[in-house]
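The values are calculated or read from the model by the stated rules, or taken from the named source; none is laboratory data. Nothing here was measured: the structure is a model prediction, and the numbers come from that model. Note that each Cβ is placed from the backbone with ideal geometry, even for glycine, and that neighbours are counted across all protein chains shown.
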Amino acid sequence: MKPFLRSRRPPGAFTLLEVLVALSIFALVLSLLYGSWRILISSNAAALKLAATAQRSRMTIHTIEEALNSAVFFNANARHYAFLTGGEGSLSAVSFVAHLSDAFPASGYFDGERVRRVTFTVEPGRQGGSDLVLRQNSLLAPPDSDVEGHPTVLAHDVSLFELSYWDMRRGEFTPEWRQSNALPALVQVTVGFGQRGRGREPAETLTRIIRIPSAGVAGEAQAGSPGGVR
């Protein structure tokens, strides 16, 4: 009688159960690595977006500040150099004449003409939300020409644009400036971006108090035409 032969697995071989367990562990490790990679990529994208938004916010305030610091007013041509304000609610608007540098946005359109009318308004954006738009017009051009004024979008998703002006008599900032034939000494600018949750409060706000030249230039110093200063 032959002895009963038992099947033995070769040395170093794995059972089917061990292979399945190993594959499960390997799949779990891969899923963890993939999840970590996705979190890393998402965090990096969010950080880059926040950095870009912060940079754009600072550039927006810097552009407004540069324009207001360069504001000019000539008494002999008060009609051309009027300081105009407007807007509705928390979305203000302002228009004035400034002596701008060559580095100011869209200066290349004006062939070295530095004295221009600049206008800041908040308008509906093409992709939803509201945009803060800068327009510039030449003082030498007819009033009805170039209505668009070379629009430059300074910021997207603008939820607040408030301007207030220093009232010398009251000793405080007021939302209106009715003296179109004069420049305010101080302008407080607040720009808000996005919305916090479902409310109307901006997710981010930047505020600057800007001092501008408030003394008008006499007619003798103007050298003729409204755009005579370079």
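Which one of these is of a type in the set (Lys, Arg), in contact with a helix residue (DSSP H, G or I) (Cβ under 9 Å, 6 or more places away or on another chain) and at pLDDT 80 or above: Arg170, Arg211? Matching residue, one of Arg170, Arg211: Arg211.
Among residues of segment 53-76 that are over 14 Å from Thr207 (Cβ atoms), those with a beta-carbon under 9 Å from a residue that is of a type outside the set (Gly, Ala, Ser) and in a helix (DSSP H, G or I) at least six positions away or on a different chain give the pairs Ala76/Glu220.
Kindly indicate whether any position in segment 44-55 is at pLDDT 75 or above, of a type outside the set (Asp, Glu) and within 31 Å of the chain's Cα centre (by Cα). For segment 44-55, residues at pLDDT 75 or above, of a type outside the set (Asp, Glu) and within 31 Å of the chain's Cα centre (by Cα): absent.
Looking only at residues in segment 114-126 that are over 21 Å from Arg58 (Cβ atoms) and at pLDDT 90 or above, the one that is surrounded by the most Cβ atoms within 10 Å (Cβ to Cβ) is Arg116.
What number of residues within segment 127-139 satisfy the criterion of being in contact with a strand residue (DSSP E or B) (Cβ under 9 Å, 6 or more places away or on another chain), modelled with pLDDT under 90 and either among the acidic types (Asp, Glu) or part of a loop (DSSP other than H, G, I, E, B) (or both)? The total comes to 2.
How many residues does segment 74-92 hold that are part of a loop (DSSP other than H, G, I, E, B) and either closer than 18 Å to Ala185 by Cα or at pLDDT 90 or above (or both)? Adding up the residues that qualify gives 4. Looking only at residues of segment 160-199 that are of a type in the set (D, E, K, R) and touching a strand residue (DSSP E or B) at 6+ places or on another chain (Cβ under 7 Å), we find that the one that is surrounded by the most Cβ atoms within 10 Å (Cβ to Cβ) is Glu162. When Leu132 is tested against (1) out of contact with any helix residue (DSSP H, G or I) (no Cβ under 8 Å at 6 or more places or on another chain); (2) surrounded by 20 or more Cβ atoms within 10 Å (Cβ to Cβ), exactly one condition is not met: (1). Do we have any residue at all in segment 159-172 that's assigned to a loop (DSSP other than H, G, I, E, B) and of a type in the set (Phe, Trp, Tyr)? There is no residue in segment 159-172 that is assigned to a loop (DSSP other than H, G, I, E, B) and of a type in the set (Phe, Trp, Tyr).
Selection of first residues in segment 180-200 that are under 19 Å from Thr121 (Cα atoms) and of second residues that are assigned to a loop (DSSP other than H, G, I, E, B) and β-branched (Val, Ile, Thr), restricted to Cβ pairs under 6 Å at least 6 apart or on distinct chains, gives the following pairs, ordered by first then second residue: Leu183/Ile212.
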